[in-house]
1. Once you have the alpha carbon radius of gyration of the stretch 15-100, what is it after dividing by 2.2 N^0.38 Å, with N set to its residue count?
2. Ignoring ligands, DNA and RNA, please state the percent of accessible area on the stretch 14-68 from carbon and sulfur, probe 1.4 Å.
3. Counting only the backbone N, which residues of the stretch 1-39 are under 20 Å from the spot 7 Å out from the Cα of His91 toward its beta-carbon?
4. In a GNM of the chain with a 10 Å cut-off on Cα contacts, which of Ala121, Ala16, Ala110 has the highest mean-square fluctuation?
5. For the stretch 105-110, in order, what is each residue's ³J(HN,Hα) by Karplus, 6.51 cos²θ - 1.76 cosθ + 1.60 with θ = phi - 60°, in whole Hz (x at glycine and Pro)?
6. Can you give the convex hull volume per residue for the Cα atoms of the chain, as a whole number of Å³?
7. Hey, can you find the accessible area per residue of the stretch 10-84 for me, probe 1.4 Å, expressed in square angstrom?
8. Hey, what did the chain get for relative contact order, percent, Cα under 8 Å, at least 6 apart?
Amino acid sequence: WNMTGQVLQVFSGHTATVESGSFTPDGKHAVTISEDGTLFVWDPKTGAPVHRISHATDGRFHDAPLTSLAVSPDSALCMSGSEENKVVVYHVQSGRLISVLEHHDGPVEAVAYSPSHPFAASGGSDGKVVIYDTPSMRVRHTRNHDDVVSKLLWHPAQPMVVSASVDLKVCVWDARSGQNIHAFRGHRDAILDAAI
């Protein structure tokens, strides 16, 4: 929609619930993920799909409903999480799969790229927060909550990731050292979302 509420484009192609969507920061593409196990990269001007990525098109891709999506600050990469416990990184422009990351013991509930440092993170129903170095996509640190990690957020200027959890805590982690800088407590029920 535009600011007056006029529909500018409809992206049609998923066959099940669309779980998440995002524009790339440069505005050249839109990306969506679905419970049908597909990821679409769209041309926002025409509404046409640029890439349709699924297990059928690349056997290394997710073979389960997709749950979470993040786009890198430079608009080059996307990261998706799924119910089959893995994170997949792919190139937006080419649609080429870059990395398959299998470091969770349960569905991946959240993924996020740092806007200011070469880090990314994933959080899962296993309570893990996994912090990656983005140039190599190797695990830098794995930290734990006592229950499902529901949301991940990066500080806009510092190498700190914030994780919200069903364990009633919001934790702040230093991505460089892995140290828990602070744990905020006060909620009496599961934390489902957060914002900076």
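1. The stretch 15-100 yields a ratio of 0.96.
2. Values: 1330 of 2630 Å².
Heavy-atom surface of the stretch 14-68 belonging to carbon and sulfur, 1.4 Å probe: 51 percent.
3. Under cut-off, by backbone N: 24-32, 39.
4. Result: Ala16 has the largest fluctuation of those listed.
5. 10, x, x, 8, 9, 8
6. 125
7. 45
8. Dividing the mean separation by the residue count of the chain yields 11 percent.
The values are calculated or read from the model by the stated rules, or taken from the named source; none is laboratory data. Not measured: the values here are computed from a predicted model. Neighbour counts are summed over all protein chains in view; Cβ atoms, including those assigned to glycine, are modelled from backbone coordinates with ideal geometry. Ligands, DNA and RNA are excluded from the accessible area calculation, which covers all protein heavy atoms including side chains. Shrake-Rupley method; radii C 1.70, N 1.55, O 1.52, S 1.80 Å.
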